[in-house]
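Asks: Below you will find the structure I want to go over with you.
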Amino acid sequence: MKAAVYEGQETIVVRDVPDPVLEDGEVLLKIEACCVCGSDRRTYRHGHASIPPPRVLGHEFCGTVVESRAADHVDIKVGDRVVMYIVMPCGACQPCREGKVNICLTRKTMAYHFDGGYAEYTKIPAVAVSAGSLVKVESDTPSPHMALSEPTGCAINAHGHLKIGLKDTVAVFGAGPVGIIHAVLARLQGAQKVFMLAHPGSRLTGAEAFDVDACVAVTDDGSHKEEIMRLTGGAGCSVVISACNSAQAQIDAVEIAARSGRIEYFGGLPKSNPTAALNTNLLHYKEITVTGSFSEKMSDFQAAVALIQSGRFPADKLVTHMLPLDRMTEAFDLMDAGACLKPCIDPRL
């Protein structure tokens, strides 16, 4: 079969590799769509300590079961179209015992510890199959749209901390696909106002196509903070989400948050410089709550699958480019240039 194999920094080679051979408990998927994540781009550009090459990347995928050696109790059959909850927790550490499997101390992850979806076929480990990590697609929703279940589930996990409702005004830093997903979720949860903030460019302009009240350009002189205060009558935003890898966005979030506001740090910072100089007096005097989130729980993923199939989620606007495996690295160039939202790979093209 053909696969895009990550062989080291700036090196992905599309080549023939042996067809997967199933062992007891495993399932084989024919990949129909695998969306490209910003973490894949970072791995390609800079390497990743937890992903020793060679490895087939790609963890946002949808495919059809073409072979199964699953146990009898598993309700997955040949012909089922499925998406995957990619976290494989140990089940024994303290976070797992508390139901926080997304932050399991020794978790395994598809496309990190096992080959992922940038290939014609991928096999699903027995531990994931047995745990019910494959979720059936119960509609005719296109596979590229269903592949958005994984990042949407991660955003839903974050929103579990925020409890957004009808009284809230929400600001999202970052107009990439994840930022837009956060804005969409905030609106679906009933937020009165939703603002997006990002550096000027095609992504910020493109965000205007979604249901947001204003797209605010981030500036070096800080005038974007003044604009948010103007838009909120001087009150600031009750919820601020930093959905980008910018320390300045994390700093600004504290400044534009309203009194008793909630801040969610969703986007991590580069490991080479992972700190942000927050004005903690603002946290203190405004009684701001700050939370972080990582990955997703199974319930978050299932909610994302249901939401995307409901038709209320604008997946058609998010998936902007379809590419064959042979043009895989073009997706990273498009992302670097801000010329796309979600590129998606279809190995059948």
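Just so you know, all these numbers are worked out from the coordinates, no wet-lab data involved. Predicted model, so just to flag it, every value in this text is computed and none were measured. Every residue, glycine as well, gets a Cβ built from its backbone with ideal geometry; the counts of neighbours run over all protein chains shown.
Asks: Out of VAL305, VAL65, VAL78, any idea which swings most in a Gaussian network model of the chain, alpha carbons joined below 10 Å?
Replies: VAL78
Asks: Oh, and also: Can you tell me which of LYS100, LYS30, LYS193 moves the most in a GNM of the chain? Springs connect C-alpha atoms under 10 Å apart.
Replies: LYS100
Asks: How big is the dipole moment of the chain about its Cα centre under a simple scheme where the beta carbon of each Lys and Arg is +1, that of each Asp and Glu is -1, and everything else is neutral? Debye, nearest 20, please.
Replies: Values: 33 positive and 40 negative charges, 155 e Å.
In debye, rounded to 20, the chain gives about 740.
Asks: May I ask you to compute the full-extension gain from GLN9 to TYR285, defined as 0.36 nm times their residue separation minus their alpha-carbon distance, rounded to one decimal in nm?
Replies: Computed gain between GLN9 and TYR285 is 94.8 nm.
Asks: Sort out for me the Cα centre separation of the range 124-148 from the range 66-94, rounded to whole Å.
Replies: Spelled out, the Cα-based centre of one part sits 8 Å from the other.
Asks: What is the angle, in °, between the Cα long axis of helix 298-310 and the longest principal axis of the Cα atoms in the chain? Nearest 10 is fine, range 0 to 90.
Replies: Compared with the principal axis, the helix lies near 90 degrees.
Asks: Rounded to the nearest 500 deg cm²/dmol, what is the calculated helix-only ellipticity per residue at 222 nm for the chain, with -39500 (n - 2.57) per DSSP H run of length n ≥ 4? Don't skip to the end; give the middle numbers.
Replies: Numbers: 13 runs with 103 residues, N = 349.
Here the helix-only value at 222 nm equals -8000 deg cm²/dmol.
Asks: Report the gain in length on full extension from SER310 to LEU188: 0.36 nm times residue separation, minus Cα-Cα distance, nm rounded to one decimal.
Replies: On the way: separation 122, 0.36 × 122 = 43.92 nm, distance 1.22 nm.
Once the chain is fully extended between SER310 and LEU188, it gains 42.7 nm.
Asks: Let me have the relative contact order for the range 143-192, percent, based on Cα pairs under 8 Å that are six or more residues apart.
Replies: On the way: 33 pairs, mean separation 21.6, N = 50.
Normalised by residue count, the contact order of the range 143-192 is 43 percent.
Asks: If you find the alpha carbon centre of the range 283-349 and of the range 169-191, how far apart are they in angstrom?
Replies: Measuring centre to centre over Cα atoms gives 12 Å.
Asks: Would you please give the FRET efficiency between THR275 and ARG327, computed as 1/(1 + (r/R0)^6) with r the Cβ-Cβ distance and R0 = 41 Å, to the nearest 0.05? Intermediate results must be reported in sequence, preceding the final value.
Replies: Values: r = 38 Å, r/R0 = 0.92.
Using R0 = 41 Å, I get an efficiency of 0.65.
Asks: Could you give the length gained on full extension between SER202 and SER223, defined as 0.36 nm per residue of separation minus the Cα-Cα distance, in nm? Could you put the intermediate results ahead of the total?
Replies: Details: separation 21, 0.36 × 21 = 7.56 nm, distance 1.98 nm.
Contour length minus the Cα-Cα distance gives 5.6 nm.
Asks: Now, a different point. In vacuum, with every alpha carbon of the range 209-292 counted as one equal point scatterer, what does the Debye formula give for log10 I(q)/I(0) at q = 0.20 Å⁻¹? Two decimals, please.
Replies: Ignoring solvent entirely, the Cα scatterers give -0.97.
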